[in-house]
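A short worksheet on the structure shown next.
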Amino acid sequence: MPLREFMGTLGLLIVGGNDTTRNTMSGGLLALHRHPDQWAKLRENPALLPGLVQETIRWQTPVIHMRRTAREDAELGGQRIRAGDKVVMWYVSGNRDEEVIDDPEGFVIDRPRSRHHLSFGSGIHRCVGDRLAELQLQILWEEILKRDLEIEVVGPPVRAYSNFLRGIKSLPVRIVT
């Protein structure tokens, strides 16, 4: 593998394993704060936890976009794409597509087909760490539920300045025991 490609791949693995999962955790707290009915639903039925994990990943969409280079001529949505053209995939847009997702702006932990989101990419460009991220988020929320923690968001999120990651730089919270 050429050095430039190797470094690019390494960078994606580091970002995928750190920034995206961390920001999805913060995004989950923010989502449950803004949708307390979903938090109550989860507390009543912890079996909804896998749906919470997937909905948080969709709702937060930690990676905004990814660029690829077309290998061959194609047409997509009436737009001609030539081999060598740069194409940007907007994950945020795909995860808010009202033609595919009912109530895409909502946060619904028992959404049907909850894994049907684009946060991990798709096809041969699917994130190699997707299962690890899901496991980390699952364990986080299992432990919060097990300890019956009440986590209150007490201030607005400060978003990270980035055109690549939907990051949360800080989110003031208080843990009520």
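Can you pull out every residue in the range 160-177 that is outside any loop (DSSP other than H, G, I, E, B) and either among the β-branched types (Val, Ile, Thr) or surrounded by 14 or more Cβ atoms within 10 Å (Cβ to Cβ) (or both)?
165, 168, 173, 175, 176 - these are the residues of the range 160-177 that are outside any loop (DSSP other than H, G, I, E, B) and either among the β-branched types (Val, Ile, Thr) or surrounded by 14 or more Cβ atoms within 10 Å (Cβ to Cβ) (or both).
Identify, by number, the condition in (1) touching a residue at least 12 places away in the same chain (Cβ under 8 Å); (2) touching a Lys or Arg at 6+ places or on another chain (Cβ under 9 Å); (3) closer than 25 Å to residue 103 by Cα that residue 159 doesn't meet.
(1)
Name, by its number, the condition in (1) assigned to a helix (DSSP H, G or I); (2) touching a residue at least 12 places away in the same chain (Cβ under 8 Å) that does not hold for residue 14.
Result: residue 14 passes all but (2).
Each row is one residue, and each column tells you yes or no for (1) surrounded by 10 or more Cβ atoms within 10 Å (Cβ to Cβ); (2) touching a strand residue (DSSP E or B) at 6+ places or on another chain (Cβ under 9 Å); (3) not polar (S, T, N, Q).
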| residue | (1), (2), (3) |
| --- | --- |
| 76 | no, yes, yes |
| 89 | yes, yes, yes |
| 92 | yes, yes, yes |
| 133 | yes, no, yes |
| 137 | yes, no, yes |
| 145 | yes, no, yes |
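Every residue, every condition in (1) at pLDDT 90 or above; (2) of a type in the set (A, V, I, L, M); (3) surrounded by fewer than 16 Cβ atoms within 10 Å (Cβ to Cβ), yes or no:
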position: 4; (1), (2), (3): yes, no, yes
position: 9; (1), (2), (3): no, no, yes
position: 21; (1), (2), (3): no, no, no
position: 25; (1), (2), (3): yes, yes, no
position: 38; (1), (2), (3): yes, no, no
position: 47; (1), (2), (3): yes, yes, yes
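The values are calculated or read from the model by the stated rules, or taken from the named source; none is laboratory data. All of these numbers come straight from a predicted model, not from anything done at the bench. Cβ sites come from the backbone with ideal geometry, for glycine too, and all protein chains shown count toward neighbours.
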